[in-house]
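Notes follow once the structure below has been shown.
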Amino acid sequence: MKTNQPFVPISHNSRLTLPTAPNPYIPADARILQIRDLGNDIRLFDLRFTDSQLAESFTFRPGQFVELGIIGVGEGPFSLPSSPTRQGFFQLGIRRVGVLTDYLFEHLSEGDTVGIRGPLGNGFPVRQFEGGDVLVVSGGLGMVPLRGLMQYLIDQRHLFNKIVLVYGSRSPDHVLFREELESMSRRGDADIVLTVDDAAGQPWNGKTGFVTDLLAQVDIDPSTSHAVACGPPIFYKFVLEKLVDQGYGKDRIFLSLERRMECGVGKCGHCGVGYTFTCLHGPVFSYWDALNLPELIHS
């Protein structure tokens, strides 16, 4: 299937032709089918393109993103927390943080349309993961792009061995997709380890503590596994060191640096680090590549 394309970064000089339009600057209309509140000013939007042919053919790789635009308001990049294996619609996990998202939260409802450009970026090299174990490590809002990867791994379960998710949040009410993840665990689809910094008096049956403390308890062989991580900058500092100490090769650790994305086509320059553009050459990078451009992680 199309999601199994090789992991080849897009050249900065390539002329982008997107499924949404031959001209990468022109969006396609998508209708909001459903809006669900995930808590803490985060909502999950289900969308479907109004063009039925595009709606059924639209696909992407886990880890890619799209640009959502509203005429007269603005445009912004958003990760895809759904899997391309579930066709006909796609989802966006959106946090309320500025003018565009304020408008989206306050003025748009189910049935309204928005403009979508994409998919953009490279996505996770899922073909490289086949036949081995996969460790997914998330911190906070990093679960949004990683949720799409988890859905993909489970929908294609026969292609992978052990799948483990270690996900750390501030408190129980900050755990995104909690019911879905707990359901995955009950079904035996994956080993799910949820932890919070502080239960804060809330009902909680998971772990308490930092993600790094739990990685040592994961029963997985680093020499035959790939690790994927996404979280805030401080999260990378400690998680990446821990993964390397446990034996993961730097070329077998992949990071999603989606927080740096802007225009999506390498023109605005906001995501530039040296000669690298996060929106074109990422947002997924191997740790080996990121080490040569430390600003990608720490700036």
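Nothing in this text is a laboratory measurement; each read-out follows from the coordinates by a stated rule. Not measured: the values here are computed from a predicted model. Don't worry about glycine lacking a Cβ; one is built from the backbone with ideal geometry, like all the others, and counts go over all protein chains shown.
Any idea what the relative contact order of the stretch 132-175 is, in percent, if you count C-alpha pairs under 8 Å spaced at least 6 apart? About 59 percent, as a whole number. State whether the stretch 91-220 is rounded, prolate or oblate according to the following rule on the C-alpha gyration tensor (a ≥ b ≥ c being the square roots of its eigenvalues): a/c under 1.5 gives rounded; otherwise a/b larger than b/c gives prolate, and the remaining case gives oblate. Taking the square roots of the gyration eigenvalues as a ≥ b ≥ c, the stretch 91-220 is oblate. Among (1) 33; (2) 25; (3) 14, only one was calculated for this model; which label is it, if the read-out is percent of Cα pairs over 35 Å apart? Read-out from the structure maps to (3). Taking the chain as the region of interest, the number of lysine pairs whose Cα atoms are within less than 30 Å, with members eight or more places apart or on different chains, is 14. The dipole here belongs to the stretch 126-298: it is taken about the Cα centre, uses +1 on the Cβ of Lys and Arg and -1 on the Cβ of Asp and Glu, and is about 280 debye. Would you mind calculating the gained length between residue 130 and residue 97 on full extension (0.36 nm times residue separation, minus the Cα-Cα distance), in nm to one decimal? This chain segment gains 8.2 nm when fully extended. Taking the empirical scaling 2.2 N^0.38 Å for compact globular proteins as reference, the stretch 233-285 has a Cα radius of gyration ratio of 1.31. When +1 charges are put on Lys and Arg Cβ atoms and -1 charges on Asp and Glu Cβ atoms, the dipole computed for the stretch 2-120 relative to its Cα centre reaches about 460 debye. When the convex hull of its Cα atoms is viewed from all sides, the stretch 2-120 shows a mean projected area of 7.7 nm². Centre-to-centre, using Cα atoms only, the stretch 78-148 and the stretch 157-228 are separated by 19 Å. Mean separation of Cα pairs under 8 Å and 6 or more residues apart, divided by the residue count, gives the stretch 148-299 a relative contact order of 16 percent. Across the chain, the mean sequence separation of Cα contacts (distance under 8 Å, 6 or more residues apart), normalised by length, yields a relative contact order of 18 percent.
Working value for the stretch 126-298: equivalent-ellipsoid semi-axes of 26, 19, 16 Å, each the square root of 5 times a Cα gyration tensor eigenvalue, largest first. Rounded to the nearest 500, the helix-only mean residue ellipticity at 222 nm of the chain stands at -6000 deg cm²/dmol, with each DSSP H run of n ≥ 4 adding -39,500 (n - 2.57). For the chain, the share of DSSP beta bridges that are antiparallel, to the nearest 5, is 60%. Placing unit charges on the Cβ atoms only, positive for Lys and Arg and negative for Asp and Glu, gives the chain a dipole magnitude near 480 debye about its Cα centre.
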